[in-house]
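J.: This is the structure I have questions about; it appears just below.
The values are calculated or read from the model by the stated rules, or taken from the named source; none is laboratory data. Keep in mind the model is a prediction, meaning the values are calculated, not measured. Neighbour counts run over all protein chains shown; Cβ positions are idealised from the backbone, glycine included. For accessibility, only protein heavy atoms count, side chains too; no ligands or nucleic acids. Shrake-Rupley method; radii C 1.70, N 1.55, O 1.52, S 1.80 Å.
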Amino acid sequence: DQQVKQNSPSLSVQEGRISILNCDYTNSMFDYFLWYKKYPAEGPTFLISISSIKDKNEDGRFTVFLNKSAKHLSLHIVPSQPGDSAVYFCAASFRSEKLVFGKGMKLTVNP
Amino acid sequence: SQTIHQWPATLVQPVGSPLSLECTVEGTSNPNLYWYRQAAGRGLQLLFYSVGIGQISSEVPQNLSASRPQDRQFILSSKKLLLSDSGFYLCAWSMPLTYEQYFGPGTRLTVT
């Protein structure tokens, strides 16, 4: 049973435009959500997170939105840059015990 | 600042051979430690986690085992590798009672 789902395997956008990466979850007990960025042959890098008591968190070009009623979160990158091209993983946790990861989405930002 | 090390970076091993991957963390005490595997085209699967020396929790039944002989050292082992053990192995750490995990550079294991 996949508790965290990233249903789109890839996304391609033009440099300067907005990238929107989506993530759905099934476990309503999750209380914290994170996004990681991963380049090939490297470990994932923590990007941004949000607590379930919030609906938005912003850090520079990155904003994460949480819709608890829909069990949906999204990562917005504005403006997108070629260096943002990577695989992005959504993750969720309950009481900081473990992270449950989605399968990832490959973002390609074209110059 | 905290640093996490993993070695080796790449490894090619024949089926049936043993395995030992090592992970160490610097700059922090009593971290939570994790081993993940990323198989080709798949997400990150949690294999083991540890909240202290000698305390190991296994997430999935498998051919692998983990040990934590020291506070900041986490070892992933196997007595006999299977072809299905091939993948990208990642070690991660977190501070207790926090959510953010920080990953090492990973080990690419190919079992032939």
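J.: Looking for whichever is touching a Pro at 6+ places or on another chain (Cβ under 6 Å), open to solvent by less than 50 Å² (accessible area, probe 1.4 Å) and at pLDDT 95 or above here; the options are B:6, B:73. Which one fits? If you could, list the steps in order and put the result at the bottom.
T.: On the way: B:73 fails: touching a Pro at 6+ places or on another chain (Cβ under 6 Å).
Just a single option satisfies the conditions, and that option is B:6.
J.: State all residues of region B:57-90 that are farther than 16 Å from residue B:107 by Cβ and within 11 Å of chain A (Cβ to nearest Cβ); if no residue qualifies, say none.
T.: B:57, B:59
J.: Considering only residues of region A:32-53 that are part of a loop (DSSP other than H, G, I, E, B), more than 9 Å from chain B (Cβ to nearest Cβ) and not hydrophobic (A, V, I, L, M, F, W, C), which is surrounded by the fewest Cβ atoms within 10 Å (Cβ to Cβ)?
T.: Within region A:32-53, the first condition is being part of a loop (DSSP other than H, G, I, E, B), and the residues that meet it are A:39-44, A:52-53.
Then drop every residue that is not more than 9 Å from chain B (Cβ to nearest Cβ), which leaves A:39-40, A:52-53.
Imposing the further condition that a residue be not hydrophobic (A, V, I, L, M, F, W, C) reduces the set to A:39-40, A:52.
Values: A:39: 12, A:40: 7, A:52: 17.
Selected residue: A:40.
J.: Would you mention how many residues in region B:12-49 are open to solvent by less than 50 Å² (accessible area, probe 1.4 Å) and in contact with a helix residue (DSSP H, G or I) (Cβ under 9 Å, 6 or more places away or on another chain)?
T.: 4
J.: Which residue, of A:14, A:2, A:6, is open to solvent by less than 80 Å² (accessible area, probe 1.4 Å), more than 14 Å from the chain's Cα centre (by Cα) and not acidic (Asp, Glu)?
T.: Values: A:14 fails: open to solvent by less than 80 Å² (accessible area, probe 1.4 Å); A:6 fails: more than 14 Å from the chain's Cα centre (by Cα).
Within the list A:14, A:2, A:6, the selection yields A:2.
J.: Could you identify the single residue in B:41, B:16, B:54 that is at positive phi and either within 13 Å of chain A (Cβ to nearest Cβ) or in contact with a Pro (Cβ under 6 Å, 6 or more places away or on another chain) (or both)?
T.: On the way: B:16 fails: either within 13 Å of chain A (Cβ to nearest Cβ) or in contact with a Pro (Cβ under 6 Å, 6 or more places away or on another chain) (or both); B:54 fails: either within 13 Å of chain A (Cβ to nearest Cβ) or in contact with a Pro (Cβ under 6 Å, 6 or more places away or on another chain) (or both).
Matching residue, one of B:41, B:16, B:54: B:41.
J.: Residues being open to solvent by 20 Å² or more (accessible area, probe 1.4 Å) and in a loop (DSSP other than H, G, I, E, B): count how many of those fall in region A:77-97.
T.: Of all residues in region A:77-97, those open to solvent by 20 Å² or more (accessible area, probe 1.4 Å) come to A:78-79, A:81-83, A:85, A:87, A:94-95, A:97.
Applying the additional criterion that residues be in a loop (DSSP other than H, G, I, E, B) yields A:78-79, A:81, A:85, A:94-95, A:97.
Within region A:77-97, residues that are open to solvent by 20 Å² or more (accessible area, probe 1.4 Å) and in a loop (DSSP other than H, G, I, E, B) number 7.
J.: Kindly list the number of the only condition in (1) within 18 Å of residue A:109 (Cβ to Cβ); (2) away from every other protein chain (no Cβ under 14 Å); (3) free of Cβ contacts under 8 Å to residues at least 24 places away in the same chain that fails for residue A:56.
T.: Single failed check for residue A:56: (1).
J.: Here is a further query. Quick test of your reading of the structure: residue A:100 fulfils all but one of (1) open to solvent by less than 70 Å² (accessible area, probe 1.4 Å); (2) under 14 Å from the mean Cα position of the chain (by Cα); (3) modelled with pLDDT of 95 or more. Name the failing condition by number.
T.: All conditions pass for residue A:100, except number (3).
J.: Kindly establish whether residue A:69 is among the polar types (S, T, N, Q), open to solvent by 10 Å² or more (accessible area, probe 1.4 Å) and either within 14 Å of chain B (Cβ to nearest Cβ) or under 14 Å from residue A:36 (Cα atoms) (or both). Full working, then the answer.
T.: On the way: among the polar types (S, T, N, Q): yes; open to solvent by 10 Å² or more (accessible area, probe 1.4 Å): yes; either within 14 Å of chain B (Cβ to nearest Cβ) or under 14 Å from residue A:36 (Cα atoms) (or both): no.
In short, no.
J.: Which one of these does residue A:74 not meet: (1) in a strand (DSSP E or B); (2) under 26 Å from residue B:40 (Cα atoms); (3) within 14 Å of chain B (Cβ to nearest Cβ)?
T.: (3)
J.: Among the numbered conditions (1) surrounded by 17 or more Cβ atoms within 10 Å (Cβ to Cβ); (2) away from every other protein chain (no Cβ under 14 Å); (3) of a type outside the set (Lys, Arg); (4) outside any loop (DSSP other than H, G, I, E, B), tell me where residue A:23 comes up short.
T.: (2)
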